[in-house]
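Reading through the C-alpha cells given below for one structure.
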Amino acid sequence: MATTEAIDVVMPQMGVSVSEGTITKWLKEQGEHVEADEPLLEISTDKVDTEVPSPGSGVLTEILVQEGATVDVGTKLAVIGGEAAEPTSGSEPQAREAPPEPATQAAADASMAAASEGVGDVAPSSQADSAPPREAAGATSNGKTFVSPVVAKIASEHGVDPSQVTGTGRGGRVTKKDILGFLESGAQAPPETPTAPPAQPPEPAPAPQPQAAPPPAPAPAPAAAPATAAQAAPSQPGESFEPMTAMRKGIAEHMRRSLDTSAHVTSAIEVDMSKVTAIRTKLKKEYQENYGVNPTYLIFVARAAAETLREYPWVNGEIRGDQIVTRGYVNLGFAVELQDGKGLIVPVVKNAETLNLLGLAKAVTDIAQRARDKNLLPDEVQGGTFTITNPGGYGTFHGTPVISQPQAAILGTYAVVKRPWV
C-alpha cells in the first residue's frame, strides 16, 4: 500500500539555455526514505554542477534514469511515494509483454544506447518489465502522442503537431532530437492526397455505332515533396569546424525565440557618473578590507534599477496570455560569462529591492563567483523578473541586448569613460 501520493522527480531547468543534464550520482538508493529538501541526487550541466533536493518526503520507490545518463530538462528521473510499478492485466501491458526467452545482450546494449541519447523515461534492464504502462507506451490513454514538456514547448512554439513527427524513443516516443530534426528538415504536415473524381459515364451514342470507352479518371495530384533543409556550404581551405554544444544550441534557440516573441526597441541614455565615481572611490577601500567585495559600477546601476522598477512595475512584469502580470518584488538577473568563455549564465538575486548597496555588492559577488565555478543551486537560475547585462567591461559603448523571456525588458550597461561634458 502506498503511504503517500506519488511525487515525480524531474530534471530541473538550470538556466534558459540549458536543455539537458547528466545524472552524476544518486545520493539515495531505491527503497530508502528521503525527506523534503534533502539532497537526492547530483547533476551536471554545461553551466552548473549541483545537488538536486527532494521535492517531497517519502520512500524512493523508483529510479528511472541511472548514473551517467544524459536526459532532457523535464524528464522524469524518479518517483517518491506511491506504489512501485507492477505489471497489470490490460491491453497495453500485454502488448509490451516480454518474450519467453531471456533478454539478450544486444537488447541490453540497445537500452543503454537509448539512455545515452537522452530518452526520457529509460529504466534499468532489471526494471523494464515492471515499468508503468503509462510511461512506457508512446501514447497516453486518450490516444494522443506522449511528449516531454521540452518537446511540447518546442512543438507549440513552431506550430507543429507532435503526432506528425516520427518518434525514435522508446515505444515510438517523440524525443527532443526528433522534433529538432523535423524542424531542421523543413518538413510540414503531409498534404491530403486529393481524391480522384469518379469516372464520367459514357454518353449514349445517337446511332448504333461502337461505343467509345469512357475517359480514364484523372490521376491524383502528386503529393508535394517535403521541403529539404538548405545544404551546407562546402568547406573552404583554412576553415575549421567545431560542433555546437548543447549550451550553445540552447542560447541560440532562446535568442531566436525572444526576437520572434517580443518587439525589441533599444533606447540609449547617457548618464553622468561623476558622483557615482566619487562615492565608489570613497567606499572601495572600506568594502574591500572589511567585507571582501568590490563596489563596482554594476552594483550602483543594480541598486538604481531595483528602486526604479518598483516605480514602473510593467517593466518588471511580463505578458502571460492576454494578461499583464506585475509584481511587488524585484528579482534581478545578472549575465555572467563562464570561465572558459564559451557561454554565459544568468543567476538571480531574489528580492533585490530589499538590499542596500553593500547587500547587493555581497549578493552579486557571491552569486557571480559561484556561477563561474558551476556551483549554483537550481533556484538561483530561475524566477528572474529583470536582467542586467554588462558588456561595458569589454569597452563596449553601445549595444542591443536581447530580452530574456518571458521578461519584459533588459538593461545593458556600457563603458564608463572620461570625456568632455558641457
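Miscellaneous remarks
- One residue from 271, 265 being among the aliphatic types (A, V, I, L, M), in a loop (DSSP other than H, G, I, E, B) and exposed (fewer than 10 other Cβ atoms within 10 Å of the Cβ): 265
- Answer residue from the stretch 367-395, given it is surrounded by fewer than 17 Cβ atoms within 10 Å (Cβ to Cβ) and of a type in the set (Asp, Glu) and is nearest to residue 309 (Cα to Cα) among those: 379
- Residue list for the stretch 268-307, filter: over 27 Å from residue 409 (Cβ atoms) and of a type in the set (Lys, Arg): 282, 284, 285
- Within the stretch 371-383, residues that are closer than 18 Å to residue 54 by Cα and in a loop (DSSP other than H, G, I, E, B) have Cβ atoms under 9 Å from residues that are modelled with pLDDT under 85 and of a type in the set (Gly, Ala, Ser) in these pairs: 376/15; 382/15, counting only partners at least 6 apart in sequence or on another chain.
- Selection of first residues in the stretch 25-42 that are without any contact (Cβ under 8 Å) to a residue 24 or more places away in the chain and of second residues that are surrounded by 12 or more Cβ atoms within 10 Å (Cβ to Cβ) and aromatic (Phe, Trp, Tyr), restricted to Cβ pairs under 9 Å at least 6 apart or on distinct chains, gives the following pairs, ordered by first then second residue: 42/26.
- Here is the figure for the stretch 328-352: residues that are over 30 Å from residue 243 (Cα atoms), out of contact with any strand residue (DSSP E or B) (no Cβ under 9 Å at 6 or more places or on another chain) and not hydroxyl-bearing (Ser, Thr, Tyr) total 2.
- Consider the stretch 287-342 and keep the residues that are in a loop (DSSP other than H, G, I, E, B) and of a type in the set (Phe, Trp, Tyr). The one that is surrounded by the fewest Cβ atoms within 10 Å (Cβ to Cβ) is 312.
- Verdict on residue 52 being at pLDDT 90 or above and hydrophobic (A, V, I, L, M, F, W, C): no
- Scanning the stretch 236-255 for residues that are assigned to a helix (DSSP H, G or I) and among the charged types (D, E, K, R) gives 248, 249, 253.
- Qualifying residues in the stretch 368-401 (those that are at pLDDT 95 or above and in contact with a helix residue (DSSP H, G or I) (Cβ under 7 Å, 6 or more places away or on another chain)) - the one farthest from residue 353 (Cα to Cα): 388
- Residue list for the stretch 381-408, restricted to those being touching a Leu at 6+ places or on another chain (Cβ under 9 Å) and among the aliphatic types (A, V, I, L, M): 388, 402, 403
- Test for residue 258: is it over 21 Å from residue 356 (Cα atoms) and either in a helix (DSSP H, G or I) or at pLDDT 95 or above (or both): yes
- Selected residue [in contact with a helix residue (DSSP H, G or I) (Cβ under 8 Å, 6 or more places away or on another chain), part of a loop (DSSP other than H, G, I, E, B), modelled with pLDDT under 95 and not assigned by TED's automatic domain parsing to the domain that holds residue 315] from 233, 217, 224, 229: 229
- Single match in 307, 289, 318, 311 (criterion: acidic (Asp, Glu), in contact with a Pro (Cβ under 6 Å, 6 or more places away or on another chain) and not assigned by TED's automatic domain parsing to the domain that holds residue 18): 318
- Annotation: of all residues in the stretch 403-422 being in contact with a strand residue (DSSP E or B) (Cβ under 7 Å, 6 or more places away or on another chain) and part of a loop (DSSP other than H, G, I, E, B), the one that is nearest to residue 276 (Cα to Cα) is 413.
- Yes/no for residue 364 being modelled with pLDDT of 95 or more, crowded, with 16+ Cβ neighbours inside 10 Å and part of a loop (DSSP other than H, G, I, E, B): no
The values are calculated or read from the model by the stated rules, or taken from the named source; none is laboratory data. Note that the coordinates shown come from a computational prediction; the quantities given were computed from them, not determined experimentally. Cβ atoms come from the backbone with ideal geometry, glycine included; neighbour counts cover every protein chain shown.
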